[in-house]
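K.L.:
Okay, handing you the structure first.
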Amino acid sequence: MSNRANVGGWLQGKTIRKGGVVSTNTHSGRSSTPQVQSTSTTVFGGGVKDVSGRTSEYFSMDDQCPVCKSDRYLNPKLRLLVSSCYHKMCESCIDRLFTLGPAPCPICQKVLRKLAFTPQTFEDLTVEKEVAVRRRIAKEFNKRREDFLDLRGYNDYLEEVEDITFNLINDIDVAQTEERIQAHKKENASLIEKNIQRDEQYAQALREQEEADRQEREQRALEARREEELQREEREKDRREIIDRLETSNTDAAKVIAKSRAEANKRSSARTTVDSVLKSNAQLLRSRAARSTTIPDVPHIPLQDDWYAYEDAYVLMNSYEDPYSEAVRKDRDGIMRAGGYRVDQAWERAVRSAVMGLDLLPLTEQGSFSNSCPADIVMAPV
Amino acid sequence: MIAGNTSKDSAEADNSPVKKKNPLYEASTQYRNWRYSPERLEAVRTQLNAAAVAKIRNTFEADEPGSSANVAFLSASEEHLLVKLYVSKIPQLCGHFHFPEEVEATAITYLKRFYLKNTVMDWHPKNVMLTTLFLATKTTNNPISLEAYTSNIPKTSASDVLDLEFLVAQSLGFEFAVWHAHRALWGIWLDLQSLTDLPEDLRPQDIYEIALKHVRASRFTDAELIYTPSQIALTCLSIASPLLSQRWAASKTASSSISEPLSELLKDTLGAINAMVTQNGHPPDIESVREVDRRLKLCKNPEKVVGSKAYLARIAEEERLSERKRNKKAEDVRRALGEGADPFGSDLSDKEQAKRLAELDDDD
C-alpha cells in the first residue's frame, strides 16, 4: 500500500513530457527523451496504476525490441512489455514465442508464459522490479508498531523485511528468501489477514472523513456568504440610521456615532458565538460518522416459531452404544455419510420421537361423535 | 382433574409471558387427520361399509332387478379382516426386497388409512397393497425402479401398481409423512442409556429385539390410529421388560398441564395398547379370510369388474361424455373457421379499430 502511495505521488496520472515536443526536435523525427504515456487498453495485468486507476506506460522514441530488433522507426505501434525475468520484448515477439504455451525466454532461458508479461512503467527496469517486489512484500509483511512489544522488535522486523526485499531485488539466495517469506506467511496468517482488514477499514474511514470535511467546507462557505451579505446589509442600515439620527436629534454628533458603533460591535460578537456553535456541531457530526463505521455484530437468531420440540424432555448424550448405527459410524471413507447423514441427528430425531406425544391421551367420545358424522354418507335402507 | 388443570395453566401463564408453544406432534397430519377414538374408528368403518353396500346394491338392481336379493355383502369387520391379511403380506414383501423398516411401516399405515376412505368391495387390497408399498418406497426416500419392483412380484404388471397410485395418494389426502413406533422405540432405547442409575447389564440387547417384535405385531392392530407412536413403543418395551419401561417413564415428567406423574397418567392407555397388541397383534386366520375372499368375488362392485354389464355401462357412459366433449371442441373449431379464414380471428374493421384506439386513449 505504501508503495502505491509513493509511486502515485510522482506519477499523478499526468502525461509528463521532458525536453519539449517531439515535432520541434531537430533530429530526424526521433526523440531521445523518455515519455510516459497513459493507456487504458492494457491487455496484460500488472504495471503501476495512477490515481485514476489507469496504468501509465513508459514509451520512448528509440525503443527497440531486443529480440527481433524492430524499432519504432519500422513499426510506429511498437509496444514493449516486460517479462517476469525483467526482459523487454515487443508484442509480436510475445505472440510468436508464447502463443503455443510456456517457452524459454530468448535472453535468459527462463520459462515464461504469455500472461506474465506486464506493461512497463519506469524507464529503468530495476526500478520496475523493485516496485513489484516491494508491492508484493508489503502485502505479506504488513505488521505494525502496535503488533510488537517494544521498538526493538519492530526495528528488527523492519530490518528483516528490508533484507528480504533486498535479496529479492538483487537475486541473492532467492530460494532461501522465498522460504523465509513462506514461513512468515504461515506463522502470521491471521495477523496478516487482520492487518489487511484494518488497512481497508482505515481507508474507508479516511474516505468518509474526507467526505464529511468536504460537506462541512461547503456548509461553511455558504454560511460565510450569507454572513457577508447580512453584514453588508447591516452596515448599510447602520449608516442610514446614523444619518437619520443626526438629522432628527439635536444631541452631539460624536455621541450618536459612538452609540451606534457600540451596538454594531455587540451584534458582531453575538454572531461569533453562533459561529462557534456551528463549528462544534460539525465536529460532533464528524465524530459520529467515524463511530458509525463499526457496526456491532448482532448475534444470529436462526428461526423463531411457536412450536415446542420437547427440548426439555430429554438430554442428549454425546455418544450412544448403538449397534444399529455402528456400520455408519465405522464407515471410515464416509460413503454412507456422503449425503449429509449424521448419526447424532438421527439419534436426536429418535429420542425426540420417543418423548413426542407421550402424554397425549387417546380421543374419547363425548357427544362429539354424533356431530362429526359425515353428512354425505347415507345409511342404506335395510 | 379439571381444577388441577386450570390452576396449572394459570401458573404457567404467570411464568412465561411469551406465547405458549404447541407441541410439534400436534402439527403433524397424523395427529390432526388420522387420530381416532376407538368408537369413532368403528363408526367410520360401519358407515363406510353401509354406504358402499347401498351403492353396490343399487348397481346390481339397475343391472338386473331382484338380483341383489341373495348376494351376501361383506360386513365392516369382514372387510377389516381382509385388509389385515394384506397388511401381513407387506412385511413378507419387504423382507424379499430388503426394504428398511421405515418403508414397511409406512406402507402398512397407508394401506390402513386407504381403507378408512374406500371399501374393499371397490378396490381389492391385493392391488392396493402393491401400490401403497411402491408409494412408500418413494415417500420414505428408498426408491426402487418400477421394473425391478414388478418383475420381482409374480403376476404383476406396471399398470397394476401405477393405475391406483393417484387414487391412493388422493385417499391419503397427500399426507405422506408418518411418525412410527419403531423409531420411538429406538429413541427410548437410546435414552435409557442416559439413566445413570441403570447399569448396562440390566438392559441386554435382546430385550430391545423382543420389544421390536411387539412393535411389529402392533402394526397388525389399529393402535397407530388411536395412540401416539411413543405410547405404542413404551407399551412394547413394557411387555418385554416392565422394569425398564417403568424406570424410563419415571424419569420423564408429563410436560403438559397435568400434575400427576406420567406412569399414572398413561396407565390406562398402556394397558389398552397392551391388550390390543397381545390379542390382535398377529395375522388373521387364513381360512376365515379365504371364506371372505370367496364371497367378495360375488359381491364386489360390478362397475369395477371388467366385462360385466355394469362395467360396460360405466365405460359407455364415460365414452359418451368424452365424445360429447370432443364434438363440442370440434364444433367450436369449425365455427371459428366458418367465421373467417384466419383461425386467430379476422382483422379489425376500420370502425372497430378506431373505437379501440379511442378506448386506449381513454386509458391514458
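What follows draws every value from the coordinates through simple rules; no lab data is involved. Since we're looking at a predicted model, the values are computed, not measured. With ideal geometry, Cβ positions are generated from the backbone for all residues, glycine too; neighbour counts draw on all protein chains shown.
K.L.:
Name the residue farthest towards the positive end of the dipole of segment A:168-262 from the options A:Ala175, A:Ala205, A:Val256, assuming +1 on Cβ of Lys and Arg, -1 on Cβ of Asp and Glu, about the Cα centre.
P.N.:
Farthest along the dipole direction, towards plus: A:Val256.
K.L.:
Continuing with the same structure: Quickly work out the B:Gln279-to-A:Gln215 label distance, labels modelled 7 Å from Cα along the C-beta direction, and quote it in nm with one decimal.
P.N.:
8.2 nm
K.L.:
So, one more: List the residues, sorted by chain then number, that are 5 or more residues from A:Val82 or on another chain and whose placed amide H is less than 5 Å from its amide H.
P.N.:
A:Thr118, A:Gln120
K.L.:
If you don't mind, another one. If you add up the charges near A:Gly101, with Lys and Arg at +1 and Asp and Glu at -1, over every other residue whose beta carbon is less than 10 angstrom from its beta carbon, what do you get?
P.N.:
After counting each charged neighbour, the total is +2.
K.L.:
Sort A:Thr99, B:Thr221, A:Thr177 by Cβ crowding within 10 Å, fewest neighbours at the top.
P.N.:
Exposure proxy ranking, most exposed first: A:Thr99, A:Thr177, B:Thr221.
K.L.:
For segment A:164-180, just list the computed ³J(HN,Hα) in residue order, Karplus coefficients 6.51, -1.76 and 1.60, θ = phi - 60°, integers in Hz, with x standing in for Gly and Pro.
P.N.:
In residue order, the calculated couplings are 4, 4, 4, 4, 5, 5, 9, 6, 9, 6, 4, 4, 5, 5, 4, 4, 4 Hz.
K.L.:
Still on this structure, I have one more. Order A:205-211, B:234-240, B:166-172 from most to least packed using the mean count of other Cβ atoms within 10 Å.
P.N.:
B:234-240, B:166-172, A:205-211
K.L.:
Sorting A:Met336, A:Met61 on the 10 Å Cβ count, fewest up front, what's the list?
P.N.:
Sorted ascending by nearby Cβ count, the order is A:Met336, A:Met61.
K.L.:
Further question on the same structure: Which residue, B:Lys351, B:Lys309, B:Lys267, has the most motion in a Gaussian network model of chain B that connects Cα atoms within less than 10 Å?
P.N.:
B:Lys351
K.L.:
On to the next question. Add +1 for every Lys or Arg and -1 for every Asp or Glu among the other residues with Cβ under 14 Å from the Cβ of A:Leu168, and state the total.
P.N.:
-4
K.L.:
Would you tally the net charge around B:Leu202, using a Cβ to Cβ cut-off of less than 15 Å, leaving B:Leu202 out, and scoring K and R as +1, D and E as -1?
P.N.:
Taking every other residue near B:Leu202 into account, the sum is -4.
K.L.:
Mean Kyte-Doolittle of at least -0.5 and a Cα length of 24 Å or more along the axis: which whole DSSP H helices of chain B meet both?
P.N.:
B:38-63, B:76-97
K.L.:
Treat each spin label as a single point 7 Å out from the Cα along the C-beta direction, and report the B:Leu243 to A:Gln176 distance in nm.
P.N.:
Rounded to a tenth, the inter-label distance reads 7.6 nm.
K.L.:
Take B:Glu287 and B:Asp268, extend 7 Å from each Cα along the Cα→Cβ direction, and tell me the distance between the two endpoints in nm.
P.N.:
Using points 7 Å along Cα→Cβ, the separation is 3.9 nm.
K.L.:
Something else about it: Fewest to most neighbouring Cβ within 10 Å: what's the order for B:Ile232, B:Ile207?
P.N.:
By the 10 Å Cβ count, ascending: B:Ile207, B:Ile232.
K.L.:
Cross-link partners among aspartates and glutamates for A:Lys143, C-alpha distance below 15 Å, same-chain residues fewer than 8 apart left out?
P.N.:
Leaving aside aspartates and glutamates fewer than 8 places away in the same chain, those within reach of A:Lys143 are A:Asp156, A:Glu159, A:Glu160, A:Glu162, A:Glu187, A:Glu193, A:Asp199, A:Glu200.
K.L.:
Next up: Counting only residues 5 or more places away or on other chains, whose amide H sits under 5 Å from the amide H of A:Glu57 once H atoms are built in the peptide plane?
P.N.:
Under 5 Å from the amide H of A:Glu57: A:Gln37, A:Ser38, A:Thr39.
K.L.:
Once phi is turned into θ = phi - 60°, what whole-Hz ³J(HN,Hα) does the Karplus curve with 6.51, -1.76 and 1.60 give for every residue of segment B:157-174, x standing for Gly and Pro?
P.N.:
10, 4, 5, 4, 7, 7, 4, 8, 4, 5, 4, 4, 4, 5, 5, 6, x, 6
K.L.:
A further question follows. Filter B:Lys138/B:Lys325; B:Lys21/B:Lys112; B:Lys112/B:Lys309; A:Lys88/A:Lys139 down to the pairs with a C-alpha to C-alpha distance above 28 Å, please.
P.N.:
Over 28 Å Cα-Cα: B:Lys138/B:Lys325; B:Lys21/B:Lys112; B:Lys112/B:Lys309.
K.L.:
Given the options B:Thr132, B:Thr140, B:Thr253, which has the most mean-square fluctuation in a GNM of chain B, springs set between C-alpha atoms less than 10 angstrom apart?
P.N.:
Most flexible of the set in this elastic network: B:Thr253.
K.L.:
Here's something else I'd like to know. Hey, with R₀ at 41 Å, roughly what FRET efficiency would B:Asn58 and A:Arg337 work out to, going by the Cβ-Cβ distance, to 0.05?
P.N.:
0.10
K.L.:
Go ahead and set up a Gaussian network model of chain B, Cα springs under 10 Å, then flag whichever of B:Ser308, B:Ser218, B:Ser263 fluctuates most.
P.N.:
B:Ser308
K.L.:
Here's another thing I want to ask about it. With runs of 4+ DSSP H residues as the only contributors, calculate the mean residue ellipticity of chain B at 222 nm using -39,500 (n - 2.57) per run, divided by the residue total and rounded to the nearest 500.
P.N.:
-21000 deg cm²/dmol
K.L.:
Quick one: which residues, 5+ away or cross-chain, put their amide H under 5 Å from the amide H of A:Ala103? H built at 1.01 Å from N.
P.N.:
Long-range HN contacts for A:Ala103: A:Leu112.
K.L.:
Rounded to the nearest 0.05, what FRET efficiency do A:Lys266 and A:Glu159 give with R0 = 41 Å and r taken as the Cβ-Cβ distance? Could you check?
P.N.:
Between A:Lys266 and A:Glu159 the formula returns 0.05.
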